[in-house]
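Trainee: Once you've had a glance at the structure underneath, I'll fire off some questions.
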Amino acid sequence: MNTSPKDSVDLIINLFSLGNALLIGVGGSGKQSLARLAAFASSLDVFQITIKPNYGINDFKTDLNNLYRRAAVKGLPCAFLLSDAQIIDEHFLVYINDYLSSGEIFGLFTDDEVEEILNSLRSEAKSQGYNESKENIWKYFIDKVRRNLKIVMCFSPVGNILRIRSRRFPALFSGTIIDWFHSWPRNALYSVVVRFLDDNKLLSNEIRHAIANLMADIHIDVNQASIQYFTNERRSYYTTSKTFLEYIKFFQHIYENKQMKIELEIVRILAGLEKLGSISAQTAILQEDLKITTDEVNIKAEKAEIALKIVTAEADKVAKEKSFADDERRKIETKKAAVEKVQAACAMELAKAEPVLEAAKLALENIEKGQLTELKSFASPPETVKFVMNMVVVLFKWVDENRIIPESQRTWTEAKNTIGPVEKFLQRLKNFQVAKVTPQVRAIIDKLNATLMKISKTDSIESLIQQIAVKSAAAGGIYTWLDNTLKFHTVYLEVKPKQIALDAANDELSRAQQAFSKILARVQILEDCLTEENLKMQRALAEKDDAVRTKERLARQIDLAERLVDGLASSRIIWTKRVETFKNDLETLLGDVLLASTFISYAGYFSRSYRINFVNKWRSAIVATKGVIPMRADLQPLSIIIDDADIAEWMNQGLPADQTSYENAAILIYCLRWPLMVDPQGQGLRWIKNLFTDKLVTLRYNSKGYLDRVETAVRRGDTLLLECIEENIDSILEPIINRNLIRKGKIVKFGDKEIEYHPNFRLIMQTRLANPHFRPEIQAQTTLINFSTTRDGLEAQLLAEIVAAERPDLEKSKFEVTKQQNEYKINLKKLEDSLLARLATAEGNFIQNVELVVTLERTVNTSVEIEQKKLEAEKFSQQIDRTRELYRPTAIRACIIYFSMNDLSKIHPMYQFSLKAFRSVFLKAIDYAEQNEDFRIRIDNLIDAITFASYSYIVRGLFEEHKLIFTIQLLLQILTEKGEIDMVELDLLLRNPQETHAGSPVEFLNEKAWGSVKALSLLPIFHGLDRDIETSSKRWKKYVESEAPELEKPPGEWKSKSTMQQLCILRAVRPDRMLYALKLFVAEKLGKKYIESRAADFARIYDESSKSIPIFFILSPGVDPLKEVETLGKKLGYTSQAGKFYNISLGQGQEIVAENALEISTKEGHWIVLQNIHLVRHWLPILERKLERILEIGQENFRLFMSAEPTADHSAHVIPQGILENSIKITNESHTGKNQFSKDIESLEKYNL
C-alpha cells in the first residue's frame, strides 16, 4: 500500500496489536523510523541485534534466548526490529520462520534452561488456569512469548532476495501483516517541505509553497530519471524518503551559510571601499599638516642657526681661555719641576743625617726614668754633668722661650727645673725642634761643648760619653742625644738655605697654582656655558630634524596615499561591481541555492548528459515560478559555491580538467552526507590524497584490522578515506556512515561498543567497481559521486601523454604554464582577500600607518604584477595549445576506442578493462607508429597504430560472437565523430523498421522485407524506392537473388547512394548478407586487417605481460590453453621438474596450496597457473587483495596465469573486477564456419548497437 507517513504510523500501531509485521520498502523509506515510533506509541521496548566482528548464528540464538526470557519470564513487552543489513547469515531467518509459524525454536534452550523457565512460571501458569504438567506450563511460556514479543522485519524489495526468501521461509509472509512502503506521494513530499520551511520566518508563504512544490516535483523527476538511467546505462540509483529529507536539510544549510557568507562579504568589501573613500580626506589632512610642518621647519631652522652662532662665539672664548690656561699650566709645571729638584736635593742631604737622628732617639730610649730621677737628685753634680745639663738648658730656653739664658742663670737648680717631671722631660727631648736652634745658640752650645772636652781632657766623643756616663748614666745618654742632635743641626744648617729657597719656590708655586685654579674655574664656567648653549643648539637642531622628518614622512605618506589611490582605482571599480553582484546574488540566492543544493543532492551519480538535462529542467522549473523563486539567468549550478581559484587549486592537486570532475570535486567537498566515490580508474582517489596530503588516514575496506583503525580515526577526528569498498558494506559501519549519534551527539555505537565521536571526523568512501549496486539504504545515507572517467577528461589526459611522447618540451611547457596559471589565480584571490582584510581592519587615520600603507601598496603592486603574468601565461598557453591541438585527433580516436571498450561490460561481465592497461597499450602504439617528417602523415600513422594496437588488445579477449559487434560499434563511433554518419540513416540501419500489413507485390521479397522497403520509402532520401522495385523488378530481382549482393551496387539511381544508405537497402532486402556487408564496410573504412581472423601469438602476448600484469584465459569447451603455457615455459626453462612451474586446479580446499605457491613464486620469480578460479567464489576477494600486494613486489620473472569459465549472467558472475581489469584476457574458441556465422547473425540481432 502507498501511504503517507501519518497513515503508516497508524497502520503499524494497529499491526502491533494484531501481531508481527513485515515492512517492505527500499532502504531509506522510513521503515525503521516509523517502526520505532509505533513501538513507542504501543509501549513496546525496541530491541535490535548489535552487529560486531564475528557475529554469527550462536550470537543470534543467544539474543533470541534473552528475548524469550524477557518477554515471558520478566513479562516485558518488546519489539524485535530486524533489517536486511542485520541478516548477515540467511540461517537467522530459519529461527524467525520457526517463531512466526509456531512460536517454538528448536534447540534454543538447554534442558537446564527449560527446567529453570518452567519453575519460574509454574505458579503464574497455575494462577491462569493451566495445570502443572510440563507441557502445559511450556505452552503457557510460548503463548506469553508470542503475546509480548512482536517481530518487525524491514526488508527491501530490490533484487531477487525477497523473492527467494518468500519461497524458503513462507512463515515470514504468512505469519505477518505486510505493509509495502512505496515512494512518498507528491502531497506527502510537499507537506514535509512546508513543515521544514515553516521555521524560516523570512520566507513568505508564497515562497515556501513554491519551494515545496518544486522540491516535490524534482524528487519525483529524479526517481523517473533513475529508472531511465538504469534502462540506458544499467546503473542503479535510488532516491528514498531519507534522500528527500536530507535534500531539504542540505538546502536549508547551504542557504543559511551562503546568505551569511555573502552578507559578510558585502560588509567586508564596503568597509574596504569606505577606507578607500577616506583616503582623499586623510590625504587632505596630511597636506594641511605638511604645510604647518613646513612652517615649523623654517622657524626651527632659524632658531637652530642662532643657537649655532652663540655656540660658535662661546667656543671661541673657551678656546682662548683654554690656550691661556695651557700656557699657565706649562709655567707651573716648570716651577714645579724646579721645586721638586731642590726638594729632592734637600731630602738627600737630610737623609744622610737620618742615622744621627736615629742615634739620638736610641740614646733617649736607653735613658731610664730612674736614671733621670737619680740625676735630678744630685745636689752638686759633677762638672761634666753640669756642662751637659747647661747645654740642655740653653737649648730648651731658646726653643721654649725664645731667649738665651745668661751664663749666670745656668745653675743646677735651673737644670733640675728644666728636667721637671721625668716623663715629660723625655718627651720634650724626643720632640725637640732642631730647626729652631739659631747660629747664636749653636755657638753657645759649641763653646760649652769645647769647654767640656777640655775639662774631660779628651778629644774623643766616645771617650767623653763614657766619662759622663760613669758619673751619670742619664747624663751620658743626654749627651749622646746632644751630640747627635748637634750633628744633625750641622747638616741642617747646610741644608737650610736650600730649604729656604725651596719654601720660597713652594710659595711661588702655590700662588701660581691658585691663580691657575682661578683660570680653570673661569674656563669651566665658560665650558659650562658652552655646554648649555650646545644643549640648546642640539635641542633646536633636534626639533628642526624632527620637523624635517615629519615633513618627509608626511610627504611620503601623501605620495603613498596618492599611489595607493591610483593602484586601487581598478580594485575600487571591481569591488564596487562585486558589491552590486553580491546584492544581486542575495536577491536571487533562493533560486541559486535551490539549484545548487538540488544538483549536489541528486546529480552526483549521473553521467554528463543526464546532468545537463537535469540542470536545464530544474532551471526551467525555477523560472516557471515567474519570480516567486528568483534565480540568476543561465546559472551554472555550482558557481555560487566554487570559483576559478578553487578549480585552479584542485587542478594543481591532480583533478582532471573537465567540467564533470569540477562538479564532482565540489559535491565531495560541500555535501553533508558522507561522499561515496564510484572511482574505477582511481582518478578521484589520487586527487583526494593530494587534497588532504598527510592529514588523510587511508584504509582499505576489509583489510586486516581495519575496524580498529576506523575506531581510532573516529575518536581522533581524522579525515578517513576508506577505499575499495564493496557493494555490501559491513553493517558495523552503518552507525558511522549514517551518523547515528547518541548522548547529545558525542557518542556513536560501533559494534558492541560505544565510542566517542569527534566533531572533526570526516569519512570519504571510494569503490573501484565500475558499476556497483549499493543497497538503497546505503545510497540514502551517502552522497554517491560518479568519478568515472569522462570523455573530455580522458581526451585531455591522452592528449597530454601523446604530446609528452612526441614533443616532451612542449608538454613540459604546457604543464608548467598551466600550473603557473592556476597558482596565479589562487594567489590573486589570496592577495585580494588579504587586501580587503587589511583595509577592513585598519583603524582611524590609517594613512598615517606607513607600514600598513606600504603593505597595501606592495599587495596592489603584486596583484598587478601577477595579473600581468597571468595574461602573459594565458597568451603563451594559447600558443602552446595551438601546437598541441594538432595532436588532438589521436586523443579523440583513443577516447572513442576506450569508451567503446568500456561499454563491452554491458555485453558480457568478463569484458572488464582498466584505464591503466589501455594507457599502456596507447603509449606502446605511439612508439610503434611509423615515423615521418610530414606532420600530417605522422598523425595518420599515430591514429592507425593506436587504433589497431588497441583493437588487437581488446578483441583477443572477446568471444567470436562479439568481435564483429565491437568492430562495428567502434567504426560507427569513429565515423560519427568525423561527421560521416547521418543519425537518421544509422537509426534505420540499426532498427530496420517495418510497415505492417504491407503485402509484397514482388515475388522475390517476402512480406517482412517489403515492410522494411516501405518504411525506408517514407524518408526523403529513399523516396520512390518501393515504386522503383515494383517497376524495375527484373533488375532488383537479380540484385536480391545474387549470391553476394553486398559485392554489387543496387540497381539504377540507387547505386550512387552512400555506403550507409546502401547498407540500409541491403538490410531491408537481404538481411542474411549483413554480416558480410558489414565486414566489407569495416574493410572499406578501417582496413582489411580489422576483419582478418588470426590466431593470437601466445609468445607475443607473453612479452606484453609482466610481474604485475597476469594473463587470464577465458575458457571455452574443447580448448585447453594450458598447453601453450607449458610449451612456452618449457622453452624458457620454467617447468615443474625444475621447481619453477606450479599448476594448481582450484576447488576442494586448494586455496591454501595456491596461497603458498603464490608467495614462493613471487619471491623466487617462478610461473604459477591457477585454473578454474570461478570454483572458489568466496576466496576470490582474498585473491584480489593478495594480488594487489604481491604483483607489485614480485620478482621480475614472476608470471601469473589464471583461467575461468565465463557466465553471461551478471548476477552469477563471480570473478572480481580488479583481477579482470589488470589482466591480459585471452579467449580461445573452436567454433568456426557455418555455426559461427549463425552465432554472429544472432548476436547482431540480439545487441542494439
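Here's the yes/no breakdown for (1) among the hydrophobic types (A, V, I, L, M, F, W, C); (2) out of contact with any Pro (no Cβ under 7 Å at 6 or more places or on another chain); (3) under 30 Å from residue 703 (Cβ atoms):
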{"residue": "54", "(1), (2), (3)": "no, yes, yes"}
{"residue": "59", "(1), (2), (3)": "no, yes, yes"}
{"residue": "85", "(1), (2), (3)": "yes, yes, yes"}
{"residue": "88", "(1), (2), (3)": "yes, yes, yes"}
{"residue": "98", "(1), (2), (3)": "no, yes, no"}
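Trainee: Can you go through 1221, 1184, 1242, 1192 and tell me which one is at pLDDT below 80 and within 27 Å of residue 921 (Cα to Cα)?
Mentor: Of the residues listed, the single one that is at pLDDT below 80 and within 27 Å of residue 921 (Cα to Cα) is 1192.
Trainee: Now for a different question. If a residue has to be without any contact (Cβ under 8 Å) to a residue 40 or more places away in the chain, within 24 Å of residue 972 (Cβ to Cβ) and among the β-branched types (Val, Ile, Thr) to count, how many in segment 894-947 make the cut?
Mentor: 1
Trainee: Here's another thing I want to ask about it. Of the residues 1180, 1175, 1132, which is over 42 Å from the mean Cα position of the chain (by Cα), closer than 21 Å to residue 911 by Cα, assigned by TED's automatic domain parsing to the domain that holds residue 1220 and of a type outside the set (S, T, N, Q)?
Mentor: 1175
Trainee: Scanning for something at pLDDT below 70, surrounded by fewer than 17 Cβ atoms within 10 Å (Cβ to Cβ), small (Gly, Ala, Ser) and over 30 Å from residue 419 (Cα atoms), does segment 346-357 turn up at least one residue?
Mentor: Within segment 346-357, one or more residues are at pLDDT below 70, surrounded by fewer than 17 Cβ atoms within 10 Å (Cβ to Cβ), small (Gly, Ala, Ser) and over 30 Å from residue 419 (Cα atoms).
Trainee: Looking at segment 58-94, which of the residues that are outside any loop (DSSP other than H, G, I, E, B) and of a type in the set (Val, Ile, Thr) is farthest from residue 138 (Cα to Cα)?
Mentor: Among those residues, the one meeting the criterion is 94.
Trainee: Note down all Cβ pairs under 8 Å where the first residue falls in segment 962-985 and is crowded, with 17+ Cβ neighbours inside 10 Å, the second is assigned to a helix (DSSP H, G or I) and basic (Lys, Arg), and they're at least six residues apart or on different chains.
Mentor: 964/1079; 971/1085; 974/893; 974/1085; 975/1085
Trainee: Restricted to segment 676-699, and to residues that are of a type in the set (D, E, K, R) and out of contact with any Leu (no Cβ under 8 Å at 6 or more places or on another chain), which residue is surrounded by the fewest Cβ atoms within 10 Å (Cβ to Cβ)?
Mentor: 694
Trainee: Can I ask one more? Only residues that are within 24 Å of the chain's Cα centre (by Cα) and β-branched (Val, Ile, Thr): list them for segment 742-777, please.
Mentor: Scanning segment 742-777 gives 764, 767.
Trainee: While we're here: Do any helices (runs of 4 or more DSSP H) lying entirely in segment 929-1047 carry at least 2 residues that are under 30 Å from residue 806 (Cα atoms), and which ones are they?
Mentor: So the answer is 935-955, 960-978.
Trainee: Regarding segment 678-700, can at least one residue be identified that is assigned to a loop (DSSP other than H, G, I, E, B) and among the hydrophobic types (A, V, I, L, M, F, W, C)?
Mentor: no
Trainee: Identify, please: which residue in segment 375-431 is in a helix (DSSP H, G or I) and among the basic types (Lys, Arg) and is, among those, surrounded by the fewest Cβ atoms within 10 Å (Cβ to Cβ)?
Mentor: 424
Trainee: Got at least one residue in segment 1206-1217 being in contact with a strand residue (DSSP E or B) (Cβ under 6 Å, 6 or more places away or on another chain), modelled with pLDDT under 90 and over 23 Å from residue 1100 (Cβ atoms)?
Mentor: Yes, because at least one residue in segment 1206-1217 is in contact with a strand residue (DSSP E or B) (Cβ under 6 Å, 6 or more places away or on another chain), modelled with pLDDT under 90 and over 23 Å from residue 1100 (Cβ atoms).
Trainee: Report every pair of residues separated by at least 6 positions or lying on different chains whose Cβ atoms are under 7 Å apart, first residue within segment 112-138 and in the same structural domain as residue 71 (by TED's automatic domain parsing), second among the acidic types (Asp, Glu) and in a loop (DSSP other than H, G, I, E, B).
Mentor: 122/132; 126/132
Trainee: Report yes if residue 464 is in contact with a Ser or Thr (Cβ under 6 Å, 6 or more places away or on another chain) and in a helix (DSSP H, G or I), otherwise no.
Mentor: For residue 464, the condition - in contact with a Ser or Thr (Cβ under 6 Å, 6 or more places away or on another chain) and in a helix (DSSP H, G or I) - is met.
Trainee: Is it the case, given these coordinates, that residue 92 is more than 29 Å from residue 124 (Cα to Cα), in contact with a strand residue (DSSP E or B) (Cβ under 9 Å, 6 or more places away or on another chain) and among the aromatic types (Phe, Trp, Tyr)?
Mentor: yes
Trainee: List the number of the failed condition for residue 265; all other conditions in (1) of a type in the set (Asp, Glu); (2) out of contact with any Phe, Trp or Tyr (no Cβ under 8 Å at 6 or more places or on another chain); (3) outside the structural domain of residue 591 (by TED's automatic domain parsing) hold.
Mentor: Evaluating residue 265 over (1) of a type in the set (Asp, Glu); (2) out of contact with any Phe, Trp or Tyr (no Cβ under 8 Å at 6 or more places or on another chain); (3) outside the structural domain of residue 591 (by TED's automatic domain parsing) leaves (2) as the failure.
Trainee: Okay, next question. Give me the residue from segment 228-244 that is outside any loop (DSSP other than H, G, I, E, B) and of a type in the set (Phe, Trp, Tyr) and, out of that set, farthest from residue 1210 (Cα to Cα).
Mentor: At the first step, the residues of segment 228-244 found to be outside any loop (DSSP other than H, G, I, E, B) are 228-233, 241-244.
Subsequent filtering for residues that are of a type in the set (Phe, Trp, Tyr) retains 229-230, 244.
Values: 229: 18, 230: 14, 244: 31 Å.
Going through the qualifying residues, I end up with 244.
Trainee: While we're on this one: Report, by residue number, each residue of segment 789-807 that is buried (at least 21 other Cβ atoms within 10 Å of the Cβ) and in a loop (DSSP other than H, G, I, E, B).
Mentor: Those that are buried (at least 21 other Cβ atoms within 10 Å of the Cβ) and in a loop (DSSP other than H, G, I, E, B): 789, 790.
Residues are listed down the side, and each one gets a yes or a no for (1) modelled with pLDDT under 85; (2) part of a helix (DSSP H, G or I); (3) at negative phi; (4) not aliphatic (A, V, I, L, M):
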| position | (1), (2), (3), (4) |
| --- | --- |
| 886 | no, yes, yes, no |
| 908 | no, no, yes, yes |
| 918 | no, yes, yes, yes |
| 922 | no, yes, yes, yes |
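Trainee: Has segment 717-726 got at least one residue that is surrounded by fewer than 16 Cβ atoms within 10 Å (Cβ to Cβ), closer than 25 Å to residue 30 by Cα and not assigned by TED's automatic domain parsing to the domain that holds residue 83? Show your work before the answer.
Mentor: Let us first name the residues in segment 717-726 that are surrounded by fewer than 16 Cβ atoms within 10 Å (Cβ to Cβ), namely 717, 726.
Now restrict to residues that are closer than 25 Å to residue 30 by Cα: 726.
Next cut, not assigned by TED's automatic domain parsing to the domain that holds residue 83 only: 726.
Yes: segment 717-726 contains one or more residues that are surrounded by fewer than 16 Cβ atoms within 10 Å (Cβ to Cβ), closer than 25 Å to residue 30 by Cα and not assigned by TED's automatic domain parsing to the domain that holds residue 83.
Trainee: Same structure, new question: Those residues that are under 13 Å from residue 383 (Cα atoms) and of a type in the set (Gly, Ala, Ser), I need them from segment 451-474; list them, please.
Mentor: If the condition is that a residue be under 13 Å from residue 383 (Cα atoms) and of a type in the set (Gly, Ala, Ser), then 456, 469, 472 are the ones that fit.
Trainee: Also: Give all pairs with beta carbons closer than 6 Å in which a residue from segment 39-62 that is in contact (Cβ under 8 Å) with a residue 24 or more places away in the chain meets a residue that is of a type in the set (Phe, Trp, Tyr) and surrounded by 14 or more Cβ atoms within 10 Å (Cβ to Cβ); count only pairs at least 6 apart in sequence or on separate chains.
Mentor: Close Cβ pairs (under 6 Å, with a partner that is of a type in the set (Phe, Trp, Tyr) and surrounded by 14 or more Cβ atoms within 10 Å (Cβ to Cβ)) amount to 42/16; 47/80; 60/92.
Trainee: Looking for whichever is touching a Phe, Trp or Tyr at 6+ places or on another chain (Cβ under 8 Å) and more than 30 Å from residue 76 (Cβ to Cβ) here; the options are 152, 192. Which one fits?
Mentor: One residue alone meets the criteria, 192.
The values are calculated or read from the model by the stated rules, or taken from the named source; none is laboratory data. This structure is a prediction, so every number in the text was calculated from the model and none was measured. Backbone-built Cβ (ideal geometry, glycine too); neighbour counts: all protein chains shown.
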